[in-house]
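Structure record follows, encoded as structure tokens.
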Amino acid sequence: MERERALGFGDRQPILVSPEGRVDAKLSEFFRRSRFSSRAAGTRESYVLDYRLFFSFLWRAGRNWDQAAVDDVEDWEDWRLRGRGNQRRIGGAKWVRELAALRLLYEWAAARGYVAASPVRLRSVRSRDGRPVQVAELAPTDVRSSNVKWLTPRAYRLWRDVGLRGHGADGRPDESWRGRNDGRDAAFADVLFASGLRRREAGTLLTVELPDTTEVRGYYAGRIAAAVAKHSERYFYVSAAALKGVELYRLTTRDSAVRRARGEGRYETLDVRWIVQSVSRRGDVAWVDEHGQRAEMSLNALTDRDRLNLFTDGEDGLEPLAVWLTEAGMPMRYRGWSKVFERASDRCRALGLEVFATPHMLRHSMALRMLVSLHHALDRRLGLTPSERRHYEALYGNVWSMVKDLLGHRSEETTRTIYLEPVRGLQLDGLLGDEEHPDNTELLARLAERTGLVLDVPGQVGA
């Protein structure tokens with residue numbers, strides 16, 4: 001660690017090592033002093049994995065990363081999207097991200113003179129406002145890996161109950177199910193579906209960050225720390241029902257995992273262990289590390305990796321501060337949730353059910369559900385006239401702006417164009433104003449039927 005700091009390496013700066021055991025100084029400079037370093041933490045982590053794969057591809061062809069040619073990028077695109085024998089092909093959305101990562105690196109390298117020219121070729125197109133912009137030639141015209149990004153509540157419940165809780169295809173409990181973490185997994189999924197949190201945001205929550213539920217409400221507010229949010233710290237809102245599931249998990253599955261870990265002495269043998277002494281009302285966390293050294297840091301600054309090291313020491317012994325634990329009682333890494341969702345979707349598919357989900361789909365679904373609910377609340381429940389609604393929106397903001405804030409987007413345009421595609425091109429006011437369909441579940445079902453973009457199941461299943 002001291003050697004890395006002496007060489008100018010930043011905290012948690014990526015280090016890629018070649019098969020020969022060398023660290024490239026140019027790449028280290030890129031990771032430390034380029035637009036890469038200003039990207040969100042999750043984006044940096046994803047880009048580094050993309051670089052490692054592409055560099056390995058080049059190395060097998062006998063070339064270093066700074067010897068990449070246009071043909072190499074084209075061959076890589078073909079392999080990633082269509083390669084025969086490639087069991088892990090990606091979709092258009094994933095390729096767009098990889099292409100953005102390569103473009104960022106090689107445009108930087110070309111500007112520094114480290115490569116003659118970027119191997120990512122560009123072409124000029126017109127933006128919506130008529131301005132010319134440069135886009136990668138290999139950028140797909142349809143970036144969706146699937147047309148389905150959203151689930152209706154009943155489709156979600158069926159996926160959760162069958163995939164995570166081990167119910168049968170009819171949605172009823174299956175006596176043969178032997179899952180051990182179904183309470184944890186269902187509670188996590190419910191939090192995503194109710195709050196719209198990102199996988200990392202929800203997956204790194206600490207017990208001290210869970211909303212206080214002593215006062216009875218329908219929804220509770222919490223805060224997402226800047227170090228684990230995509231852009232900046234923000235409030236999130238989650239339903240009482242979802243929090244009740246989390247509390248049930250803490251009292252059952254999680255408590256059992258902690259007791260097993262204590263009995264096996266797992267916590268005492270950890271190389272890194274920060275015993276929390278206090279958490280102030282301002283969110284300052286004070287702890288003593290494994291060497292007896294005291295330290296203090298704001299909750300807002302604790303990264304996903306920092307959070308894995310935090311423990312409390314109560315009457316019964318040590319306990320992780322992380323909400324989500326493995327069966328062995330250790331804090332879960334947030335990326336592991338993707339595998340949990342994949343296994344749940346595979347189980348549904350094996351039982352002949354055409355329902356599936358990813359963590360981000362649940363975020364999408366919350367946004368769509370909230371849009372419909374807010375429109376319905378303003379137009380129907382509050383009985384607002386058009387002029388009254390304009391006055392209400394002048395005071396509190398429009399529905400799109402509310403959903404933007406709930407999702408933690410920087411731009412309302414992002415909310416409109418990416419996350420809520422099913423409502424584009426529809427007569428939303430007419431759809432929501434139909435007297436025969438006042439229930440939001442039915443409104444979402446009609447969107448599913450009309451657009452083909454929202455995943456639904458027959459009303460009698462899981463309703």
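Residues of segment 216-256 being within 14 Å of Arg184 (Cα to Cα) and either aliphatic (A, V, I, L, M) or at pLDDT below 90 (or both), which ones? First the steps, then the outcome.
Taking segment 216-256 and keeping what is within 14 Å of Arg184 (Cα to Cα), we get 242-256.
Correct list: Ala242, Leu243, Val246, Leu248, Leu251.
Looking only at segment 1-18, count how many residues are exposed (fewer than 11 other Cβ atoms within 10 Å of the Cβ) and either over 21 Å from Arg52 (Cβ atoms) or modelled with pLDDT of 90 or more (or both).
Adding up the residues that qualify gives 5.
Does Ser56 satisfy the criteria of being among the hydroxyl-bearing types (Ser, Thr, Tyr), at pLDDT 90 or above, surrounded by fewer than 19 Cβ atoms within 10 Å (Cβ to Cβ) and within 16 Å of Leu27 (Cβ to Cβ)?
Numbers: among the hydroxyl-bearing types (Ser, Thr, Tyr): yes; at pLDDT 90 or above: yes; surrounded by fewer than 19 Cβ atoms within 10 Å (Cβ to Cβ): yes; within 16 Å of Leu27 (Cβ to Cβ): yes.
It is true that Ser56 is among the hydroxyl-bearing types (Ser, Thr, Tyr), at pLDDT 90 or above, surrounded by fewer than 19 Cβ atoms within 10 Å (Cβ to Cβ) and within 16 Å of Leu27 (Cβ to Cβ).
Report, by residue number, each residue of segment 148-173 that is in a loop (DSSP other than H, G, I, E, B) and surrounded by 17 or more Cβ atoms within 10 Å (Cβ to Cβ). Walk me through it before giving the result.
Looking only at segment 148-173, we keep the residues that are in a loop (DSSP other than H, G, I, E, B), and these are 148-149, 152, 165-173.
Across segment 148-173, the qualifying residues are Val148, Lys149, Thr152, Arg165, Gly166, His167, Gly171.
Any residue at all in segment 102-121 that's modelled with pLDDT under 95, in contact with a Leu (Cβ under 6 Å, 6 or more places away or on another chain) and either surrounded by fewer than 20 Cβ atoms within 10 Å (Cβ to Cβ) or not in a helix (DSSP H, G or I) (or both)?
yes
Going through Trp108, Trp79 one at a time, which residue ends up being over 17 Å from Phe36 (Cα atoms), of a type in the set (Phe, Trp, Tyr) and assigned by TED's automatic domain parsing to the domain that holds Leu49?
Working: Trp108 fails: over 17 Å from Phe36 (Cα atoms).
The conditions single out Trp79.
Checking the condition acidic (Asp, Glu), more than 24 Å from Gly283 (Cβ to Cβ) and touching a Gly at 6+ places or on another chain (Cβ under 8 Å), which residue from Asp271, Asp190, Asp255 passes? Give the derivation first.
Values: Asp271 fails: touching a Gly at 6+ places or on another chain (Cβ under 8 Å); Asp255 fails: touching a Gly at 6+ places or on another chain (Cβ under 8 Å).
Going through Asp271, Asp190, Asp255 in turn, the sole match is Asp190.
Considering only segment 241-357, give the helices (runs of 4 or more DSSP H) lying wholly within it that have at least 1 residues that are over 28 Å from Arg44 (Cα atoms), more than 24 Å from the chain's Cα centre (by Cα) and charged (D, E, K, R). Even if it seems obvious, please write down each step before you answer.
On the way: elements: 255-263, 304-307, 337-350.
Result: 255-263.
Looking at this structure, is Ala202 surrounded by fewer than 17 Cβ atoms within 10 Å (Cβ to Cβ) and among the small types (Gly, Ala, Ser)? Steps first, please.
Values: surrounded by fewer than 17 Cβ atoms within 10 Å (Cβ to Cβ): no; among the small types (Gly, Ala, Ser): yes.
Against the criterion (surrounded by fewer than 17 Cβ atoms within 10 Å (Cβ to Cβ) and among the small types (Gly, Ala, Ser)), Ala202 does not qualify.
Is it the case that segment 240-250 has a residue that's among the basic types (Lys, Arg) and more than 25 Å from Arg305 (Cα to Cα)? Steps first, answer last, please.
To start, the set of residues in segment 240-250 that are among the basic types (Lys, Arg) comprises 244, 250.
Next, from what is left, pick out any that are more than 25 Å from Arg305 (Cα to Cα): 244.
The answer is yes; a qualifying residue exists.
Which of the residues belonging to segment 27-45 are surrounded by 15 or more Cβ atoms within 10 Å (Cβ to Cβ) and closer than 13 Å to Arg112 by Cα?
Within segment 27-45, Leu27, Glu29, Phe30, Ser34 meet the criteria.
Quick check on my filter: what residues within segment 65-95 are exposed (fewer than 13 other Cβ atoms within 10 Å of the Cβ) and outside any helix (DSSP H, G or I)?
Hits for segment 65-95 are Arg84, Gly85, Asn86, Gln87, Arg88.
Going residue by residue through segment 183-195, is there one that turns out to be at pLDDT below 95, at negative phi, outside any helix (DSSP H, G or I) and not hydrophobic (A, V, I, L, M, F, W, C)?
no
Residues being surrounded by 13 or more Cβ atoms within 10 Å (Cβ to Cβ) and assigned to a strand (DSSP E or B): count how many of those fall in segment 206-222.
Summing the residues that are surrounded by 13 or more Cβ atoms within 10 Å (Cβ to Cβ) and assigned to a strand (DSSP E or B) in segment 206-222 gives 4.
The values are calculated or read from the model by the stated rules, or taken from the named source; none is laboratory data. Note that the structure is predicted; figures quoted are calculated from it, not measured. We place every Cβ from the backbone using ideal geometry, glycine too, and count neighbours over all the protein chains shown.
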